Each structure stands twice: as structure tokens, then as C-alpha cells.
């Protein structure tokens, strides 16, 4: 199957099918922000800004990497990018392998013209470094979209479940280390929805990544997506067996914080509300990635994406206010968030 057909399938399945984890959640329900009945703050002056890789974000949100490679994906990316520019948040593009191997699709990833100031992330599958990709390919992906940083995404389970997937992951850490050393921009290691463990976070930090996106379980399950794409009943059955596989986002965030306390952490994976954004920030995230709610909005218009971002921001602002945190740094102070005992 060509890249463009695969990308079209991914968009359609995520929009039309139930691909959520059947039982596994993002884990944020196990925490609560402590309510402060006397916050001594002005809600109108709550400061939601943060910085990542030297760029100021008005809100510590990242539009998570989703798509590219088809005409529909190009329209979605432009809507997302315009919204990111308007609201001063970051954005990641979907895997650019299609853009590198099918030049005619490259424009579907190019959004810099409508988002000149956005912190923009290029994106390639890390495993492609085991299949002929080099630092030069990484640079070409960065140059293609004038990116500020590069995401190398990790998706071993997805590859294992795909007919014709890339199964050889041996020696990949060393190749990631070479990219981090030579590519010339910050490199972010990102899972695609099953989480990064403490052990892997420590390995990646040692290899020189500039940040980790834990991309935990609890949102869209790509094993569920692959079950809808599988060409045979045997592969569908195999994919369904892993429907609840993964590390919940909140747990992955805590593991990464222990393993790499000095690295910026991005929390993504099933984040749906501004309250969950606040919890992730309180647990140590530098920024929080959101995907599914924005994908659906981006199929409609820029205005629909802005409405979703504004709703998340309003919830985040009120959560900070009622937790007594005037800015994001204060939100991370000890005692702002507690684990819920059951």
C-alpha cells in the first residue's frame, strides 16, 4: 500500500471508527489538583505562557503530529497551522516519509507560509534509520517545512502489527545518537500512543535527545486503528489482542521525569481537557500535546480549531486559578497536585 493510501486510511479510521483503548485510560483521573478556596489571584491575570527550545508559547500546548501526504491532509495541516499561529502554540507535522519519497506530496506538509512564528516540528519514524535513512534524510525533512526541531517517532507495536511492517529495531539507539549529534536542531523522541518507560527514557536521554514526548496510552489506540486496516482476519485478531497495551500517559510522564529530570517533557496521549493539561503540567510536563479533538475540528475550519484551543485554554486558566497557581511555574510547586487514594 502506498503512503498516501495509508495516510488517507489513518485519517478516515480516526474520524469514523471507535479506536479508543477499551479499558486503559490516560491515568490523570488518579490525580487531583488541590482546590484553593482563597486563591488570592486575579483570573484575568493568570499567565499560561511557557517556553520550549527558546520559543515562547502563549499556552503550553502542542498540536500533536497527525497527518500529511494527501490533499485532505494538506488542508487539515493548514487549518491547524493557522490556528497555532493565531494562538501562539506549537505544532508537529505527521511523518514526512511520504514527502521525502513522493515529492509531489511535500506541499501537504509545508505550513510555514501560514505559520511564520510557530515552533514547528518535523517528523520521521526512528526505525527508518535502520532501513537506509541517514542524517541527510533528517535534514531534508527539517528543510522541507523550515522546522525548528525534529521528532523521531517510536512505534514498534504499530510496525509489528502491520502487514509488511518494519521489524528490525536492533542497533537503533546508536543511530538516534548520531542524528542527535549531527542534525543541527533539537531532536525529540516521541512514542505514538503506548508510552515511554523509565528505562527507555534513560536510554534516550543518554543518546542526547533534547526532549521526550511520552505519548502514553489512553487516547487513540493504534493497534485498534491497525485492526481496521488489516487485510486478513488473522492480522485483525492479532491487532485486537493489543487493544489495551501500553503505559498510561500520567504514568509515563512520571517515569520519564524520574529517568531524565533535566529534559523538557511533553505529555500527550488521550489528553482531552484543560484540566488534564493542568495536571500534566503539575506533574512536570513542559508542554502538553493534543491530537484527536483538533483533528476533528481541522476537517471543518480554522475557526473550529480555534474554538477547541480556546476551550482547552479556558479550562486550563480556571484550573490554575482555583489551584492557586498564577503561572505555570507555580503550578509545578509541591502540594499543587495529589494522588487520589481509592
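The values are calculated or read from the model by the stated rules, or taken from the named source; none is laboratory data. Note that the coordinates shown come from a computational prediction; the quantities given were computed from them, not determined experimentally. Don't worry about glycine lacking a Cβ; one is built from the backbone with ideal geometry, like all the others, and counts go over all protein chains shown.
Mind counting the residues in region 67-81 that are within 17 Å of residue 304 (Cα to Cα) and buried (at least 21 other Cβ atoms within 10 Å of the Cβ)? Break it down stepwise before answering.
To start, the set of residues in region 67-81 that are within 17 Å of residue 304 (Cα to Cα) comprises 72-81.
Restricting the remaining residues to those that are buried (at least 21 other Cβ atoms within 10 Å of the Cβ) gives 73, 76-77, 79-81.
Residues in region 67-81 being within 17 Å of residue 304 (Cα to Cα) and buried (at least 21 other Cβ atoms within 10 Å of the Cβ): 6 in total.
I need a count of the residues in region 90-104 that are in contact (Cβ under 8 Å) with a residue 60 or more places away in the chain and surrounded by fewer than 23 Cβ atoms within 10 Å (Cβ to Cβ).
If we filter region 90-104 for residues that are in contact (Cβ under 8 Å) with a residue 60 or more places away in the chain, which is where we start, we get 90, 92, 94, 97-98, 101-102.
If we keep only those that are surrounded by fewer than 23 Cβ atoms within 10 Å (Cβ to Cβ) as well, we get 97, 101-102.
Qualifying residue count, region 90-104: 3.
Tell me which residues, restricted to region 327-339, are buried (at least 17 other Cβ atoms within 10 Å of the Cβ) and touching a strand residue (DSSP E or B) at 6+ places or on another chain (Cβ under 7 Å). It would help to see each step written out before you state the result.
Step one: list which residues in region 327-339 are buried (at least 17 other Cβ atoms within 10 Å of the Cβ), which gives 328, 331, 336-337.
328, 336, 337, listed by residue number.
Among the residues of region 313-320, is there at least one that is free of Cβ contacts under 8 Å to residues at least 60 places away in the same chain, surrounded by fewer than 24 Cβ atoms within 10 Å (Cβ to Cβ) and either in contact with a strand residue (DSSP E or B) (Cβ under 9 Å, 6 or more places away or on another chain) or under 18 Å from residue 65 (Cα atoms) (or both)? Break it down into steps so the answer makes sense when it comes.
From region 313-320, those free of Cβ contacts under 8 Å to residues at least 60 places away in the same chain are 314-315; that's our starting set.
Keeping just the survivors that are surrounded by fewer than 24 Cβ atoms within 10 Å (Cβ to Cβ) gives 314-315.
Keeping just the survivors that are either in contact with a strand residue (DSSP E or B) (Cβ under 9 Å, 6 or more places away or on another chain) or under 18 Å from residue 65 (Cα atoms) (or both) gives none.
No, region 313-320 contains no residue that is free of Cβ contacts under 8 Å to residues at least 60 places away in the same chain, surrounded by fewer than 24 Cβ atoms within 10 Å (Cβ to Cβ) and either in contact with a strand residue (DSSP E or B) (Cβ under 9 Å, 6 or more places away or on another chain) or under 18 Å from residue 65 (Cα atoms) (or both).
Here are some conditions: (1) within 22 Å of residue 291 (Cβ to Cβ); (2) outside any helix (DSSP H, G or I); (3) at pLDDT below 95. Residue 225 meets all but one. Which one does it not meet?
Every listed condition holds for residue 225 apart from (2).
Mind checking whether some residue in region 81-99 is more than 21 Å from residue 295 (Cβ to Cβ) and not in a strand (DSSP E or B)? Before you say what the answer is, go through the steps one by one.
Within region 81-99, the subset more than 21 Å from residue 295 (Cβ to Cβ) is none.
The answer is no; no qualifying residue exists.
For residue 176, which of the numbered conditions (1) at pLDDT 95 or above; (2) out of contact with any helix residue (DSSP H, G or I) (no Cβ under 7 Å at 6 or more places or on another chain); (3) surrounded by 19 or more Cβ atoms within 10 Å (Cβ to Cβ) fails to hold?
(2)
Consider only pairs whose beta carbons are under 7 Å apart and that are at least six residues apart or on different chains; among these, list those whose first residue lies in region 326-342 and is farther than 20 Å from residue 60 by Cβ and whose second residue is in a loop (DSSP other than H, G, I, E, B).
Note: pairs meeting the criteria are 335/34; 338/34.
When you go through (1) out of contact with any helix residue (DSSP H, G or I) (no Cβ under 7 Å at 6 or more places or on another chain); (2) closer than 29 Å to residue 244 by Cβ; (3) outside any helix (DSSP H, G or I) one by one for residue 40, which number turns out not to apply?
Failing condition for residue 40: (2).
Please work out which residue is farthest from residue 149 (Cα to Cα), limiting yourself to region 43-73 and to residues that are under 18 Å from the mean Cα position of the chain (by Cα) and at pLDDT below 95.
Filtering region 43-73 for residues that are under 18 Å from the mean Cα position of the chain (by Cα) and at pLDDT below 95, the one farthest from residue 149 (Cα to Cα) comes out as 73.
On the given criteria, is residue 260 over 21 Å from residue 19 (Cβ atoms), touching a residue at least 12 places away in the same chain (Cβ under 8 Å) and touching a strand residue (DSSP E or B) at 6+ places or on another chain (Cβ under 6 Å)? First the steps, then the outcome.
Values: over 21 Å from residue 19 (Cβ atoms): yes; touching a residue at least 12 places away in the same chain (Cβ under 8 Å): yes; touching a strand residue (DSSP E or B) at 6+ places or on another chain (Cβ under 6 Å): no.
No.
Restricting attention to region 26-37, which residues are in contact with a strand residue (DSSP E or B) (Cβ under 9 Å, 6 or more places away or on another chain) and either under 18 Å from residue 213 (Cβ atoms) or part of a loop (DSSP other than H, G, I, E, B) (or both)? Walk me through how you get there before you give the answer.
Of the residues in region 26-37, the ones in contact with a strand residue (DSSP E or B) (Cβ under 9 Å, 6 or more places away or on another chain) are 26-28, 30-34.
The answer is 26, 27, 28, 34.
Within region 196-214, count every residue that is more than 11 Å from the chain's Cα centre (by Cα) and part of a loop (DSSP other than H, G, I, E, B). So that I can check it myself, show each step before the final result.
Step one: of region 196-214, the residues more than 11 Å from the chain's Cα centre (by Cα) are 196-211.
From what's left, part of a loop (DSSP other than H, G, I, E, B): 196-197, 208-210.
Of the residues in that region, 5 qualify.
Read through the list (1) free of Cβ contacts under 8 Å to residues at least 40 places away in the same chain; (2) surrounded by 15 or more Cβ atoms within 10 Å (Cβ to Cβ), then give the number of the only condition that residue 42 fails.
Condition not satisfied by residue 42: (2).
Take the residues in region 106-128 that are in a helix (DSSP H, G or I) and either crowded, with 23+ Cβ neighbours inside 10 Å or modelled with pLDDT under 95 (or both), then tell me which one is nearest to the chain's Cα centre (by Cα).
Here is the first cut: in region 106-128, the residues in a helix (DSSP H, G or I) are 106-108, 126-128.
After this cut, where a residue has to be either crowded, with 23+ Cβ neighbours inside 10 Å or modelled with pLDDT under 95 (or both) as well, the list is 108, 126.
Working: 108: 19, 126: 15 Å.
The extreme case among them is 126.
With (1) within 18 Å of residue 305 (Cα to Cα); (2) out of contact with any strand residue (DSSP E or B) (no Cβ under 6 Å at 6 or more places or on another chain) as the list, and residue 90 as the residue in question, which single condition is left unmet?
If we test residue 90 against (1) within 18 Å of residue 305 (Cα to Cα); (2) out of contact with any strand residue (DSSP E or B) (no Cβ under 6 Å at 6 or more places or on another chain), just (2) comes out false.
Only one of (1) buried (at least 21 other Cβ atoms within 10 Å of the Cβ); (2) part of a loop (DSSP other than H, G, I, E, B) is not met by residue 164, so which one is it?
(1)
Pull up region 105-121, narrow it to residues that are in contact (Cβ under 8 Å) with a residue 24 or more places away in the chain and out of contact with any helix residue (DSSP H, G or I) (no Cβ under 8 Å at 6 or more places or on another chain), then point me to the one that is nearest to residue 65 (Cα to Cα). It would help to see each step written out before you state the result.
Within region 105-121, the first condition is being in contact (Cβ under 8 Å) with a residue 24 or more places away in the chain, and the residues that meet it are 105-112, 114-121.
So of that shortlist, the ones also out of contact with any helix residue (DSSP H, G or I) (no Cβ under 8 Å at 6 or more places or on another chain) come out as 119, 121.
Values: 119: 13, 121: 8 Å.
The extreme case among them is 121.
Determine if region 54-72 includes at least one residue that is assigned to a helix (DSSP H, G or I) and farther than 18 Å from residue 288 by Cα.
Just the residues of region 54-72 that are assigned to a helix (DSSP H, G or I), to begin with: 71-72.
If we keep only those that are farther than 18 Å from residue 288 by Cα too, we end up with 71-72.
Yes; the residues of region 54-72 include at least one that is assigned to a helix (DSSP H, G or I) and farther than 18 Å from residue 288 by Cα.
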